[in-house]
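Report on one structure; see the data block that follows.
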Amino acid sequence: MKHMLLKGGHVIDPANDMDFVSDVLISGGKISALSPNINLELNEMETVDLSGKFVVPGLIDCHVHLREPGYEEKETIETGSRSAAMGGFTTIICEPNTRPPIDTIAAVEDHARRVVDKGMVNIFTKACITNGSRGETLTDMEKLSSHSSLVAFSDDGNPVLREEVMERSLQQAAANDKPVSPHCEDSAFLSVKDVPKEVLGFIPRNIFENESNFVKRDIKCVEGTGCHLHFSHMSLKESLDYIAPQKGQGTITCEATPHHLLLDKNYRDVNGALTVVNPPLRSYEDVQAMKRGLSDGVVDVIASDHAPHTLADKNLGAPGIIGLETTLGVVITELVRPNIISLRDAVMKMSTNPARIFKIPGGSLLPGMDANVTIIDMEKEWVVNANAFESKSRNCPFDGWKLKGKAVMTIVAGEIVMRDGKIVI
Ligand code: DOR
């Protein structure tokens, strides 16, 4: 189909201050016109009636683990991108903790080849800050940055322990115009316990209690480098307290997951189980502070941290939860409906802002842009059923939740990939 006419939907595009009912014409994979009443008879044109639905720039999830290569029993590029399309995401950014990790140009090229073969949505990747995410030597950021699918640097579950290494990484990333997106968690792989204070920049406390110290240290490290510092999955009030005064210039941003925004450490899922995830679920007070940070604008981005694991690995204690197919519904039901944020804010934090921070195409419905579009039905009532997910994994704390609001169509580069809850490509 060469043309598609989206009729009568309510367009919300915060980047261009659009919030009105409009038709949208898509031609040759691009947005070609937006106007209240487009009446055209074109050859090879599909017309879609969207009255009562919302038309928003394609949603972007900037924190996703697709596990390929190396852990294909948990997820693959194919199943992960089907899962993204089901959740209304036209674009995702992968974490580099695959096996081997994405720390060389060969690994980035391999990832990009797999995406061309099996990806159903737009897929970009982060690469490691340090070789093997071991925190010792920097990756070749210049070479890695030369690849168009590389958008940021992160050592994923491993914070860069040494202050001096972190500083140099921020300088290098800035020289290549890429953001650094650190995890400020303590991981099992690297324990802060044995690292002297002079090297780390702060006094280590207990395991998983150092998030805010890393935030504080990294804010200090980034000063004067010109690098964009985007903190992955913040979870503590204290972390947001350090970030809030830094918001002015727009070069220090942060994200939160739906689970850290909604669930506290006492939450038990439909099977009565506690949620095992990094960062761990926090106190009730922290959850309230995260919500405040979201509505005050301290939290710029909502990202799922989709982290698939097999049941066997979960039983062995693997941390992580999946979220591509639930994030939008959970955000609308639990954050938009109770007026913690508006739908416009949700679109800003799930499309506009990630596009800006990671400098990727998207986050806008202006004519000329790639036609990445998500259609939302705010009235659609549904119950999360993890067994029916397109993802290979089932580790979802929202299983069984009753939600109201869902993506009913996902359009990637002008092609419908998901329609009414079914993959159609
Ligand atoms: O719980 C988590 N699991 N948090 C992360 O940040 C990484 C992820 C994983 O890779 O499983």
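Among the residues in segment 340-352, are any of a type in the set (Ser, Thr, Tyr), surrounded by 22 or more Cβ atoms within 10 Å (Cβ to Cβ) and either part of a helix (DSSP H, G or I) or in contact with a strand residue (DSSP E or B) (Cβ under 9 Å, 6 or more places away or on another chain) (or both)?
yes
Scanning segment 277-290 for residues that are surrounded by fewer than 19 Cβ atoms within 10 Å (Cβ to Cβ) and either of a type in the set (Ser, Thr, Tyr) or away from the ligand (no atom under 15 Å from the Cβ) (or both) yields 283, 284, 285, 288. Applying the set (1) farther than 21 Å from residue 278 by Cα; (2) basic (Lys, Arg); (3) under 22 Å from the mean Cα position of the chain (by Cα) to residue 126 leaves exactly one unmet item: (1). Taking the stated definitions as given, is residue 73 surrounded by fewer than 22 Cβ atoms within 10 Å (Cβ to Cβ) and within 14 Å of the ligand (Cβ to nearest atom)? Spelling it out, residue 73 is indeed surrounded by fewer than 22 Cβ atoms within 10 Å (Cβ to Cβ) and within 14 Å of the ligand (Cβ to nearest atom). Considering segment 153-178 alone, what residues qualify as being closer than 17 Å to residue 214 by Cβ and not in a loop (DSSP other than H, G, I, E, B)? Those that are closer than 17 Å to residue 214 by Cβ and not in a loop (DSSP other than H, G, I, E, B): 153, 163, 164, 165, 166, 167, 168, 169, 170, 173.
Taken together, the criteria place residue 274 among residues that are of a type outside the set (Lys, Arg), more than 21 Å from the chain's Cα centre (by Cα) and within 16 Å of the ligand (Cβ to nearest atom).
Among the residues making up segment 25-37, those that are in a strand (DSSP E or B) and either surrounded by 12 or more Cβ atoms within 10 Å (Cβ to Cβ) or of a type in the set (D, E, K, R) (or both) are 25, 26, 27, 30, 31, 32, 33, 34. Taking (1) within 16 Å of the ligand (Cβ to nearest atom); (2) buried (at least 24 other Cβ atoms within 10 Å of the Cβ); (3) not hydroxyl-bearing (Ser, Thr, Tyr); (4) not in a strand (DSSP E or B) in turn, residue 62 satisfies each apart from (4).
Each residue in segment 312-369 was checked for being under 15 Å from the mean Cα position of the chain (by Cα) and of a type in the set (Val, Ile, Thr), and 10 of them qualify.
Apart from one condition, residue 40 fits all of (1) at pLDDT 95 or above; (2) outside any strand (DSSP E or B); (3) hydrophobic (A, V, I, L, M, F, W, C); the exception is (1).
A single member of 259, 228 is within 16 Å of the ligand (Cβ to nearest atom) and modelled with pLDDT of 95 or more, and it is 259. Can you name every residue in segment 162-180 that is closer than 12 Å to residue 141 by Cβ, of a type in the set (A, V, I, L, M, F, W, C) and away from the ligand (no atom under 16 Å from the Cβ)? Those that are closer than 12 Å to residue 141 by Cβ, of a type in the set (A, V, I, L, M, F, W, C) and away from the ligand (no atom under 16 Å from the Cβ): 170, 173, 174, 175. Considering segment 181-210, and only residues there that are β-branched (Val, Ile, Thr) and part of a loop (DSSP other than H, G, I, E, B), the residue that is nearest to the ligand (Cβ to nearest atom) turns out to be 207. In segment 142-150, is there at least one residue being within 13 Å of the ligand (Cβ to nearest atom) and over 18 Å from residue 223 (Cβ atoms)? No. Restricting 142, 109, 95 to residues that are modelled with pLDDT of 95 or more and crowded, with 18+ Cβ neighbours inside 10 Å narrows the list to 95. Of all residues in segment 211-237, those satisfying the criterion of being crowded, with 16+ Cβ neighbours inside 10 Å and either without any contact (Cβ under 8 Å) to a residue 24 or more places away in the chain or assigned to a helix (DSSP H, G or I) (or both) are 211, 212, 213, 214, 215, 216, 217, 218, 219, 221, 222, 237. Residues in segment 299-333 that are touching a strand residue (DSSP E or B) at 6+ places or on another chain (Cβ under 7 Å), in a loop (DSSP other than H, G, I, E, B) and away from the ligand (no atom under 16 Å from the Cβ): 299, 300. Given the structure, is residue 295 hydroxyl-bearing (Ser, Thr, Tyr), within 16 Å of the ligand (Cβ to nearest atom) and either surrounded by fewer than 22 Cβ atoms within 10 Å (Cβ to Cβ) or in contact (Cβ under 8 Å) with a residue 12 or more places away in the chain (or both)? So residue 295 fails the test. Restricting attention to segment 386-417, the residues being in contact with an Asp or Glu (Cβ under 9 Å, 6 or more places away or on another chain) and assigned to a strand (DSSP E or B) number 10.
The values are calculated or read from the model by the stated rules, or taken from the named source; none is laboratory data. Remember, it's a predicted structure, so these values are computed and weren't measured experimentally. Neighbour counts run over all protein chains shown; Cβ positions are idealised from the backbone, glycine included.
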